[in-house]
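Shown next, in structure tokens, is the structure this report addresses.
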Amino acid sequence: EYRNLLPRKAIAFGEQAELLAKKIHYEKKLGEIYLCQAYAYGFFSDIIKSYELALLAVKYNTEFNVRDMLPLSKLVAIQFNPNTSNEKLHSVVLQLLPEVNTIQDKVWYIRTIGGFGNAFNSVNDTALSDSLIRLAIAESQKHNQKFMEAHNIARLSDLFFLRQQYDSCLYLSRKTNAYFESIQEKRICSENFGGF
């Protein structure tokens with residue numbers, strides 16, 4: 001939970017969780033721990049550390065009951081790889097996309113489809129990004145995942161910004177900020193306001 005609000009605290013909790021998981025031989029949880037830490041380090045642009053942790057997440061997310069995290073772990077690993085060009089990222093993400101349909105857990109499906117939408121946005125494939133983010137929003141609404149809905153609406157607002165559709169961008173930003181303020185997600189609100 002802290003990875004979006006206080007990334008440094010998320011890293012500290014992740015380190016404690018890693019030690020505990022190893023101590024009690026609960027290795028199947030390590031993949032999720034490493035994936036969350038990879039995201040948290042990404043907030044500080046520590047790409048090398050993020051990449052290393054994402055690779056560990058891929059390694060530990062292959063067991064049957066945590067396999068739902070594997071597509072997102074692979075995506076994060078390729079995104080944080082310092083040697084990945086935009087062209088290669090686009091190609092690899094396209095190849096990984098069918099794996100998303102194997103995800104059973106609805107929350108991980110929403111997180112992953114939104115993450116893939118965001119990845120395509122970062123390589124300027126805005127049409128595919130738009131469709132995936134809208135799918136993530138629809139799935140969030142269907143399964144009453146308010147946080148993920150707001151997070152993906154914020155991603156959609158970024159797309160409107162890139163398309164220079166500023167009125168739509170501002171409307172969606174205000175909508176998401178109202179939600180994030182209600183749950184005191186101050187960092188995300190600051191990012192949304194700071195984008196303008």
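For Leu56, the stated conditions do not hold, so it cannot be described as out of contact with any Leu (no Cβ under 8 Å at 6 or more places or on another chain) and either open to solvent by 20 Å² or more (accessible area, probe 1.4 Å) or without any contact (Cβ under 8 Å) to a residue 12 or more places away in the chain (or both). I need the full set of residues from region 178-194 which are farther than 16 Å from Ile137 by Cα and either at pLDDT 90 or above or in a helix (DSSP H, G or I) (or both), in order please. Matches in region 178-194: Ala178, Glu181, Ser182, Lys186, Arg187, Ile188, Cys189, Ser190, Glu191, Asn192, Phe193, Gly194. Among the residues making up region 30-68, those that are under 13 Å from the mean Cα position of the chain (by Cα) and within 19 Å of Ile103 (Cβ to Cβ) are Glu32, Leu35, Cys36, Ala38, Tyr39, Ala54. One residue stands out among those in region 69-91 that are at pLDDT 90 or above and surrounded by fewer than 20 Cβ atoms within 10 Å (Cβ to Cβ): the one that is nearest to Ser45 (Cα to Cα), which is His90. Taken together, Leu128, Leu135 contain a single residue that is farther than 17 Å from Gln79 by Cβ and in a helix (DSSP H, G or I), which is Leu135.
The requirement of being open to solvent by 20 Å² or more (accessible area, probe 1.4 Å), closer than 21 Å to Gly115 by Cα and among the charged types (D, E, K, R) is fulfilled nowhere in region 13-23; no residue meets it. Exactly one residue out of Phe116, Phe147 is closer than 25 Å to Ala77 by Cβ, part of a helix (DSSP H, G or I) and at pLDDT below 90, and it is Phe147.
The set of residues in region 132-157 being in contact with a helix residue (DSSP H, G or I) (Cβ under 8 Å, 6 or more places away or on another chain) and among the polar types (S, T, N, Q) consists of Ser140, Gln141, Gln145, Asn152, Ser157.
Filtered by the rule that a residue be surrounded by fewer than 22 Cβ atoms within 10 Å (Cβ to Cβ) and assigned to a helix (DSSP H, G or I), region 159-171 gives Phe160, Phe161, Leu162, Tyr166, Asp167, Ser168, Cys169, Leu170, Tyr171.
Tally time: how many residues in region 135-156 are basic (Lys, Arg) and surrounded by 17 or more Cβ atoms within 10 Å (Cβ to Cβ)? Qualifying residue count, region 135-156: 1. I'm checking my understanding of the structure. Among residues of region 92-119 that are polar (S, T, N, Q) and more than 14 Å from His143 (Cα to Cα), which one is surrounded by the fewest Cβ atoms within 10 Å (Cβ to Cβ)? Top of the filtered list is Asn101. In region 25-53, the residues that are closer than 16 Å to Lys9 by Cβ and at pLDDT below 90 reach residues that are of a type in the set (D, E, K, R) and open to solvent by 40 Å² or more (accessible area, probe 1.4 Å) with C-beta atoms within less than 6 angstrom, at least six apart or across chains, in these pairs: Cys36/Arg3; Tyr39/Arg3; Ala40/Arg3; Tyr41/Lys49.
The values are calculated or read from the model by the stated rules, or taken from the named source; none is laboratory data. Everything numeric in this text was worked out from a predicted model, so none of it was measured. With ideal geometry, Cβ positions are generated from the backbone for all residues, glycine too; neighbour counts draw on all protein chains shown. Note: areas computed on protein heavy atoms with side chains; ligands, DNA, RNA excluded. Shrake-Rupley method; radii C 1.70, N 1.55, O 1.52, S 1.80 Å.
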